[in-house]
Each structure stands twice: as C-alpha cells, then as structure tokens.
Amino acid sequence: MTASGLVTAEEAVGHVKTGDTVMVGGFGLVGAPLTLIDALADHSDATDLTVVSNNIGEPGKGLGKLLRQGRIRRGISSFFTSNPEAVAAVNAGEIEATLLPQGTFAEAIRAGGAGIAGFFTPVGAGTLLAEGKEERVIDGMPHVLEQPIRADVALVYAARADELGNLWYRHTARNFNPLMATAATITIAEAGEVVTVGELEPESIATPHLYVDHVVLRS
Amino acid sequence: MSADPKTVIAARAAKELRPGEIVNLGIGIPNLIPGYLGKDTAIFLHTENGLLGVGPRPTEDELDPDLVDAAKRPITALPGASYFDSASSFAMIRGGHVDVAVLGALQVGERGDIANWAIPGKDVLGVGGAMDLVVGARRVLVTMTSTTPAGDAKLVRECTFPLTARGAVDVVVTEQAVFRLRDGSFVLTELLGEATVEEVSSVTEARFTIELED
C-alpha cells in the first residue's frame, strides 16, 4: 500500500461490485470492521453478494444490516445461528448457506491466501458436512477434501495500522482478520488508529503491508 | 434433597483434569469446572477464538470489548497468555496440541460417537468448532445429564441426531456415573452419589460392561 491507500469508508466500499464474494472479519461483532460494513450498507448498491464470515452478524447489526437489505445471496460461515434472521432467511430460501466446521473455515481461507489448492482434514468425516465431498482414508482415518476460499474483497479490522498498511491486532479481536487479509484480490483494513511508519514494532506486525490495499479509519 | 446434577457432573469432571494440561471448555456444564479445580491443579484454558490462558470473569473495571471467549462472553487473560488467529487456534486443536476438550452432548453412541450440534427437524446451521474439537483434542470428555428433560436416554446404542464425529469420545460423566471408552465400547467405572448399577442401567440405552474402580 502507498500513502494514497488511506481512504474514506465510502470510497473503500466502492470496490465491492454486484455479484462479488466479500470476506468479513470478526468473531460475532468482536473484531468485525463495523465502519466498513455500515458504509457498505449505506453507500453502496452492490448486491447479490456472497459473504464469507464466521457469523452473519446479529439482527440489524454488522452483516445483519446487509441481510435485512436483501443484498446477501449466499453465506459461507460456521455459525449462522447467532443471527436468527439469517437462519430464517436460509429456511425461507432467500439466501443459500454453506456451513463449515470453524477450523475448516479458517484453514480454507488460509489456504486460499497461501496458494494451496485444497486439503484433507479428518474433521467432519462421516457427518452431514462431508456430503458431496471427496473422502479418502489416510493413515487409517477417513478425511474430507476441502476447497480453498478466496474473495474479491476482504474487509478486516485491526486496532492499529501504519501508513503503509501494516496491521497490529489486539486480543481476541484478531480471529479471522489476518487470514482474510491474505485471501482477497482487494483487502481493505479498518483501523482503530493509523500511526506513522516505524511506530509499530516489526515483530508485532501480524499482517505485513503487502496484503493490504486500503486503510480506513474507524469512525 | 439431591444435589444439582450439573454441579455433581462438573465437580466429578474436574477430577479428570491433570495439572499443566491444555484444556478447552465448552458452553454449559464444562464452564462450571474451574470452580472445582484444586489450587494445585493449575491448567491452561484454551478458547478457540484465539487465546491460551483464559482467566476468571472480569470485574466491571476489567471489561474489555476485545476480550471474549468462544461463547462471546467477557473474559480476562492470565499472565503468560498468548493470542493467535483462528487458523493457528484450530491448528492447535486439530494438530493434537490441546490435551482435553470438555463438552456437552445431545447423544453419545455406544461406540463413542457423539452428536452435539444439531437436532433433527431443527436448523442445522451452526456447528462452530464442535467437530474440530472432538476430532482433534487428545482426550474428549463429555459432561451431560443421563437423560433429556423428557426422560430419554442420552447414552444410546446409535446416535439418531446428526453426528459431530464417530468414535471420538473417551469419557462420559453424568450425574450418576463415569463411563470410559475402552477398546471401542463403554465401561462403567464409577457410580456417583447414591446411584446404583440398576438405576444407571435404567437410564442408559447403550450396552456397557462394569468394572467399578475404588
């Protein structure tokens, strides 16, 4: 990222187009890029979105806003249940749901960002969530072939960013954010504060700036 | 007057944990366990949303919106704690670095199968980390009441609810008994409180053998 990468939330969400796959960080609302999600709800017409996020927000909050606007076509998640409106939308056939075990969900995003074409995991083998997936016995144990996940745009949250786009996360607000930052064509980071280059300890940078295209200050 | 089944289960389950172990506690009864650990049974609590070294619930002054457990409740972090991303957290779980997962179950099958994420006919839209934990943890300890509120056995021949994993359970602690999976089938190893073998048998559908330990 260059200095021109520091943009407003409204400008940033202009990168999201109709039909896009959008990754959104956070475990529930903890570590979710709420300023960017609000901007997407209020200042973008992009619709027919596939959302990749551990939860689909809460009723009317976070991604729950986009859901109420009818702009989500499909969700890829480990826990839709935290938003009863998302469950209702799936049951009414308004959105398509892909449910993954949480560790598989995280690893699929990691793989997507790391150029890995798929992986075998023992998790989910022999369950409903393995239906339609290739199973293979490895070392005597059944495994399931899981596909990587990538997105057009990733919206992530970090407590601090520097002007190059290096990111520093705080406590359990880290969660899926560093993974999603690696797995999208365009990564937009919402930061609690933006500091000058050199202020972040190099060892404490969890997302190096090469992954980040734009930074938006949380409002 | 009989004791609350949940506290009986939590107190007995606490004795299954050994000093220094890395433990992931599920929602419900497992979360009562820290209250029953002796001072010399220091364990390290892992929460899959990205923390090793979970401390007690925060006071009002300690509340931090960036610090929650897997149930999204506020927590604290102890000295020596570390934070990590979700892929690392599940690498710890899947990779066998978490010693014990303690979790509730809707049903446990007689060969150690577990169903704890979905009820037939209801929504199957939230699995979270349940499958990863029961497959990955070195020991899987199930804490559950012996029957449902309707009186149906929960330790069954074959799970009828959607499976979380096959053959994953090592120990089941109910308010009446401790069962251990040995060579692929359950052994009743301990009766709790005043429970008798007949009482345990009457609420257990799974076949089991009996080797009571002192």
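Where a number appears in this text, it was derived from the coordinates with a stated rule and is not lab data. Small disclaimer: the values here were computed from a predicted structure and weren't measured. A quick note on method: Cβ atoms are made from the backbone with ideal geometry, for glycine too, and the neighbour counts reach across all protein chains shown.
How are the alpha carbon pair distances in segment B:175-214 distributed across 10 Å bins from zero to the largest one, expressed in percent?
31, 60, 9
On a 0 to 90° scale, report how tilted helix A:102-114 is relative to the longest principal axis of chain A, with both axes built from alpha carbons and the result rounded to the nearest 10.
Tilt relative to chain A: about 60 degrees.
Any chance you could check the Cα centroid distance between segment B:1-46 and segment A:171-219 for me, in angstrom?
38
Please give the net charge around A:Ala151, taking every other residue with its beta carbon less than 15 angstrom from that of A:Ala151, where Lys and Arg add +1 and Asp and Glu add -1.
Numbers: positive: A:Lys17, A:Arg73, A:Arg74, A:Arg110, A:Arg150; negative: A:Asp20, A:Asp48, A:Asp152, A:Asp213.
Result for the neighbourhood of A:Ala151: +1.
Can you tell me the relative contact order of chain A? Whole percent, Cα pairs under 8 Å, sequence separation 6 or more.
24
What FRET efficiency comes out for A:Glu85 versus B:Asp66 if R0 is 22 angstrom and r is the Cβ-Cβ distance? Round to the nearest 0.05.
E between A:Glu85 and B:Asp66, to the nearest 0.05, is 0.30.
At a Förster distance of 51 Å, what's the computed FRET efficiency of B:Lys15 paired with A:Ala92, Cβ-Cβ distance as r, to 0.05?
Between B:Lys15 and A:Ala92 the formula returns 0.60.
What is the helix-to-structure angle for B:5-14, meaning the angle in degrees between its Cα long axis and the longest Cα principal axis of chain B, kept from 0 to 90 and rounded to the nearest 10?
On a 0 to 90 degree scale, this one is about 70.
Considering only DSSP states other than H, G, I, E and B, which GluC sites (Glu not before Pro) in segment A:99-141 qualify as loop sites with at most 16 other Cβ atoms within 10 Å?
Values: sites: A:Glu107, A:Glu131, A:Glu134, A:Glu135; in loops: A:Glu131, A:Glu134.
Sites meeting the loop and neighbour criteria: A:Glu131, A:Glu134.
Would you mind checking B:Lys72/B:Lys122; A:Lys65/B:Lys154; A:Lys65/B:Lys6; B:Lys72/B:Lys154; B:Lys15/B:Lys154; A:Lys61/A:Lys133 for any pair whose Cα atoms are more than 31 angstrom apart?
Distance filter (> 31 Å) returns A:Lys65/B:Lys154; A:Lys65/B:Lys6; A:Lys61/A:Lys133.
Can you pull the one-decimal nm distance between simple spin-label points at B:Glu213 and B:Arg73, each 7 Å off the Cα toward Cβ?
Between B:Glu213 and B:Arg73, the simple spin-label model gives 2.9 nm.
Output needed: percent of Cα pairs per 10 Å distance bin for chain B, bins running from 0 to the one holding the longest distance.
All Cα pairs, binned at 10 Å, distribute as 8, 34, 36, 18, 4, 0 percent.
With +1 on the Cβ of every Lys and Arg and -1 on the Cβ of every Asp and Glu, and nothing else charged, how large is the dipole of the protein assembly as shown about its Cα centre, in debye rounded to the nearest 20? Let's see the in-between values first.
Numbers: 34 positive and 56 negative charges, 95 e Å.
Its charge dipole is roughly 460 debye.
Which is farthest toward the positive dipole end of segment A:3-217 among A:Ala206, A:Leu40, A:Thr121, measuring Cα position about the Cα centre, with Cβ charges +1 (Lys, Arg) and -1 (Asp, Glu)?
The one lying farthest along the dipole's positive direction is A:Thr121.
So which GluC sites (Glu not before Pro) in segment B:103-186 are both in a DSSP loop and have at most 13 other Cβ atoms within 10 Å of their Cβ?
B:Glu158
Could you compute the net charge surrounding A:Asp45? Neighbours are other residues with a C-beta less than 14 Å from the C-beta of A:Asp45; K and R count +1, D and E count -1.
Summing Lys and Arg as +1 and Asp and Glu as -1 gives -2.
Between B:Ser202 and B:Arg182, what is the spin-label point distance in nm, taking each point 7 Å from the Cα along the Cα→C-beta axis?
2.7
Take every DSSP beta bridge whose two residues both sit in segment A:3-217, then give the antiparallel share in percent to the nearest 5.
On the way: 12 of 41 bridges.
If we restrict to bridges inside segment A:3-217, about 30 percent are antiparallel.
So what is the 222 nm mean residue ellipticity for the protein assembly as shown from helices alone, if each DSSP H run of at least 4 adds -39500 (n - 2.57) and you divide by all residues, rounding to the nearest 500 deg cm²/dmol?
Value at 222 nm, helices only: -5000 deg cm²/dmol.
Across peptide A:173-180, how many C-beta atoms of other chains are within 10 Å of each residue C-beta, on average?
6
Which value, in debye to the nearest 20, gives the size of the charge dipole of segment A:3-217 about its Cα centre, when Lys and Arg are +1 and Asp and Glu are -1 at the Cβ?
Once rounded to the nearest 20, the dipole reads 400 debye.
What trypsin sites (Lys or Arg not before Pro) in segment B:105-214 are in a loop by DSSP, with at most 15 other Cβ atoms within 10 Å of the Cβ? Write down the numbers at each step before the final one.
Working: sites: B:Arg111, B:Lys122, B:Arg138, B:Arg139, B:Lys154, B:Arg157, B:Arg166, B:Arg180, B:Arg182, B:Arg207; in loops: B:Arg111, B:Lys122, B:Arg138, B:Lys154, B:Arg157, B:Arg166, B:Arg207.
Those satisfying the criteria are B:Lys122, B:Arg138, B:Arg157, B:Arg207.
Tally Lys and Arg at +1 and Asp and Glu at -1 over the other residues with C-beta under 15 Å from the C-beta of B:Glu190: what net charge comes out?
-4
Quick one: among A:Ala184, A:Ala86, A:Ala125, which has the greatest mean-square fluctuation in a GNM of chain A with alpha-carbon springs under 10 angstrom?
Highest fluctuation among the options: A:Ala125.
In whole angstrom, how far apart do the alpha carbon centroids of segment B:68-103 and segment B:143-214 sit?
28
Subtracting the Cα-Cα distance from 0.36 nm times the residue separation, let me have the gained length for A:Glu131 to A:Phe119 in nm, one decimal.
2.7 nm
Tell me, what is the percent relative contact order of segment B:5-210, built from C-alpha pairs under 8 Å that lie six or more residues apart? Don't jump to the answer; show the numbers that get you there.
Working: 440 pairs, mean separation 39.5, N = 206.
Relative contact order of segment B:5-210: 19 percent.
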